[in-house]
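Q: One structure is given below, represented as structure tokens, and several questions about it will come after.
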Amino acid sequence: MESAGAERGGAESAVRGGAARCRPAREPAARTYARALPVVPVRARGLTIEGADGRRYLDCVSGAGTLALGHNHPVVLESIRRVLDSGAPLHVMDHTTPVEDAFVTELLCTLPPVLADRARVRFCDPTGADPVATAVALVRAATGRTRVVTLADAHEPLPDGGAPGQEPPAGLLLDPARSEAAAPHGPGAEAGGVRRPSAHADQGAVPLIVDETETGVGRTGAYWAFEHSGVTPDVLVLAKAIGGSLPLAAVVHRDDLGDPSGHGGPVAGSFRGNQLALAAGAATLAHVREHRLAEHAAALGGRMLARLRALAAESGCVGHVRGRGLMAGVELVAPEDPPDGTARPGASAHLAAAVRGECLRRGLIVDVTGPRANVVRLLPPLIVTEEQMSAVLDRLADAVGAVDRHRPDGSVPLRGERTPR
């Protein structure tokens, strides 16, 4: 009996402890961005976020690029309200709906005729992996081959075919932006990584897949980044901004490519028919097109990059500045970095984290990314004004100046900035 009582008491204690653990803690237990960006947003519009403390911030993260029109744009909100008020289903999978038709029609309007006239659109689960898996399955089905070559760097030599005894690839997968560094390839990217594989694609031998997840919907100064090169892909991977702030992913491909069913990997998913995302996406695509926001991104982005490069020339802790349109990466470098450019673990990352913290104190939200976590990324929404961009760059320059003046030895963060776990 004593044993049973002890066991029962232990169980009750465990339940009470579990309930206590479920209560909100003063500091989030989960390892989230809140540790690096301690802002509790309560309202947002356009470029501006208002925190629970009443402070306002300029948001240059834009949901990692998902917010092409910024927060709560009126055309996006109105499109969502129309679906909610209509009584239409909020989610379907394989049924064609007026909302889906409107999205596909608008999407095709943004594509070059050579692709739009022969295009098929497949919706996928809105994750980073699903549309890529769909694209890979498509080219494997079309070619009967399995190997897909990823061109991680536009300056890598292009494989003309398989090695002796090896089959040619089923497809070439190219990302116009180095996602980890948050910036497009250098000036030779268009003539290198995109133009060279196009010859193979035109011959129908090796289809070209271009992943526009990061770069699409006007971000780089063209509606789609591949347009900078004049090369049209056979398969286009789309996500992020195409959902107008809601999760949405799709693959656009030539109509003569095969059906991916049964050729390995997820090719659809249960959440591919969200009507709110389709409505918000259609509204966003149309607004970017009708208001020529890609051209706005090209013009304003050029001035942004010029000023960032001037900052790099003046600052001792800023290295390369890369970007195109309203997509920029500012590399932070530490004196301890070896000459070959590979940062000593932690040195440059601490500087980037310090710049992010100084930006936050000045009311600017930026992201830190890159393989060494030493790149400050700027992704302002396409609706950013010249006045707002000037404010962003003023605050960033002031933050970099503060870090440059009080640079640590690279072993500890600046002024209480927390080291990400």
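Q: Please label the shape of the stretch 41-82 as rounded, prolate or oblate, based on the square roots a ≥ b ≥ c of the eigenvalues of the alpha-carbon gyration tensor (a/c under 1.5 means rounded; beyond that, a/b larger than b/c means prolate, else oblate). Can you show the working numbers first?
A: Values: a/c = 2.84, a/b = 1.51, b/c = 1.88.
Taking the square roots of the gyration eigenvalues as a ≥ b ≥ c, the stretch 41-82 is oblate.
Q: For a footprinting-style exposure proxy, rank MET93, MET304, MET389 by other Cβ within 10 Å, fewest first.
A: The most exposed by this proxy come first: MET93, MET389, MET304.
Q: Which net charge results for the neighbourhood of THR215, defined as the other residues with beta-carbon distances under 9 angstrom from its beta-carbon, given Lys and Arg at +1 and Asp and Glu at -1? Please list the in-between numbers first.
A: On the way: positive: ARG219, ARG324; negative: ASP175, ASP211, GLU212, GLU214.
Combined, the nearby Lys, Arg, Asp and Glu give -2.
Q: Residue by residue through the stretch 382-399, what is 3J(HN,Hα) from phi via Karplus (6.51 cos²θ - 1.76 cosθ + 1.60, θ = phi - 60°)? Round to whole Hz and write x for glycine and proline.
A: In residue order, the calculated couplings are 5, 8, 4, 8, 4, 5, 5, 5, 4, 5, 4, 5, 4, 5, 5, 4, 5, 5 Hz.
Q: Follow-up. Convert each backbone phi in the stretch 292-309 into a coupling constant with the Karplus relation 6.51 cos²θ - 1.76 cosθ + 1.60 (shift: θ = phi - 60°), then list the ³J(HN,Hα) values in order as whole Hz, x for Gly and Pro.
A: Calculated HN-Hα couplings, in order: 6, 6, 5, 5, 4, 5, 5, 5, 5, x, x, 5, 4, 5, 4, 6, 5, 5 Hz.
Q: Sorted by mean Cβ packing within 10 Å, highest first, what order do the peptides 375-383, 167-175, 38-46 take?
A: Going by the mean number of other Cβ atoms within 10 Å, highest first, we get 375-383, 167-175, 38-46.
Q: Can I ask one more? Residue by residue through the stretch 349-354, which ³J(HN,Hα) values in whole Hz follow from phi under the Karplus form 6.51 cos²θ - 1.76 cosθ + 1.60 (θ = phi - 60°), with glycine and proline marked x?
A: Those phi angles translate into 4, 5, 5, 5, 5, 5 Hz.
Q: Which shape class applies to the stretch 53-161: rounded if a/c is under 1.5, otherwise prolate when a/b exceeds b/c and oblate if not, where a ≥ b ≥ c are the square roots of the Cα gyration tensor eigenvalues? Display every interim value, and only then the final one.
A: Details: a/c = 2.33, a/b = 1.40, b/c = 1.66.
Note, shape of the stretch 53-161 comes out oblate.
Every number in this text was worked out from the coordinates using simple rules, so none of it is lab data. Since we're looking at a predicted model, the values are computed, not measured. With ideal geometry, Cβ positions are generated from the backbone for all residues, glycine too; neighbour counts draw on all protein chains shown.
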